[in-house]
Amino acid sequence: MRKKGLTALLFAAVVTAAASCQTKAEKTVATETDPAKVTEEVPVQKVDIDTTDSQGRLKDGQHWTDGFASYVVEKRGDCFFFFGGTTHEGGYTFGLQPQNDGSYRVKESNWSMIEDKEATEPKEEGYVSLNGAGQLLNARHCRLAGEELLVVSNEGGQATDVLVLYDGELSNRIVYEKRLILAGKYQQLDGNGELKFTNDGKVLMPGETKPVAFVFEPDGNDLYCDVFKVNGRYYGFMMTEDGLELYETNKNADEGNYEQGRLVGKYKKTASADNPNSSWPYGFTSHTVLTTGMLESFSVSMLRLIRNEIWARHGYVFADAELAKRFSSRRDYKPADDNNAIELSPLEQVNVSLLRSEELRRNKFE
């Protein structure tokens, strides 16, 4: 299984640069596959979101997460300080300074705020440490898909991260996001076996007749390990362009982590759990807020496919032969008469922008 402790810290460092909801959705480049064109200027559409009284919604004691780190809000003077850490190790801070247009300027994304207990205003401008390195960030509060968000965006308007307001334990939020990623129907590529994961934490294993409860198992202190336990046995999974690979997994008692065992099977995802009659495997991205913690489960090539699937569900006609073949084979695909007439929802715009930012980050730093 992949070890995610270090990756988790890196992603949390990205969130350390904080949030903005005035994102921009791409029309043409959203479907480009040529890396040389990935930073081109393209037509954009403004996200139509509710930002009414946005500054009044940040309060002392709130908990926000990007799917890796949890942050607690502390208001000092007119500014909001975010103090955070992960369930694995480490901690991060940043400040949000209100602006006249209802947004926030991200300030001082490092440890120095903790050292100055009397500070009422962050002293330095915040920079993204990974996504869009060297660019100032803004933050804007909004509500999408029934959740309160802080969407991080850089100077170019590209969403680089998303923080979600939540109650309870960080581990519960991570489990919720992991379930969303897995949920759906899968068909074995080289056999008749079938997998089905539900949103409420149940799985129908190959050869079984009814779903049973499963739980995610942490790798040592790391909650981000892709291992689950069902019927007393451990299984590891790895997301792939088709769906996922499932492995038998053994726990190393001395080190507390897991060792990959026999391949159980390779599976194609045939539907999302939210709509088993749909042929779109990642349909949830049109009504579910994505976070960088969720995106960590996917490879760069998968991020690209998921991003383009959002457009395909609206009938986007692809110039790229590989994408055209992949999506036109879906029974629910209905080609649009005019690509430029396609309008993504505000949530889809945020998700597309975040997916693309993560692709850029991976291509640059991995």
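Some observations on this one:
- Contact order relative to length of the stretch 251-333, as percent, for alpha carbon pairs under 8 angstrom and 6 or more apart: 21
- Legend: calculated FRET efficiency, ARG233 to VAL175, from the Cβ-Cβ distance at R0 = 22 Å, rounded to 0.05, equals 0.70.
- Here the label points at LYS59 and GLU343, each 7 Å from Cα along the C-beta direction, are separated by 3.4 nm in the simple model.
- Across the stretch 169-300, the relative contact order, built from alpha-carbon pairs under 8 Å that are at least six residues apart, equals 22 percent.
- Per atom type, the stretch 261-303 shows carbon and sulfur on 53% of its accessible surface, probed at 1.4 Å.
- 20 Å cut-off, amide nitrogen to a point 7 angstrom out along ASP242 Cα→Cβ, residues in the stretch 281-295: 281-283
- Förster radius 30 Å - calculated FRET efficiency between ALA145 and GLN99, Cβ distance, rounded to 0.05: 0.75
- Under 5 Å from the amide H of GLU148 lie the amide H atoms of LEU165, each residue being 5 or more positions distant or on a separate chain, with H modelled from the backbone and absent for Pro and chain starts.
- Modelled FRET efficiency - R0 22 Å, LYS251 with ALA213, Cβ distances, 0.05 increments: 0.70
- Taking amide H positions as modeled 1.01 Å from N, with prolines and chain starts lacking one, the residues under 5 Å from ASP161 and 5 or more places away or on another chain are VAL152.
- Across LYS185/LYS229; LYS178/LYS268; LYS210/LYS325; LYS178/LYS229; LYS185/LYS364, pairs whose alpha-carbon gap is larger than 24 Å: LYS210/LYS325; LYS185/LYS364
The values are calculated or read from the model by the stated rules, or taken from the named source; none is laboratory data. Because the structure is a prediction, the values reported are computed rather than measured. Cβ: placed from backbone, ideal geometry, glycine included. Neighbour counts: every protein chain shown. Heavy atoms of the whole protein, side chains included, go into the accessibility calculation; ligands, DNA and RNA do not. Shrake-Rupley method; radii C 1.70, N 1.55, O 1.52, S 1.80 Å.
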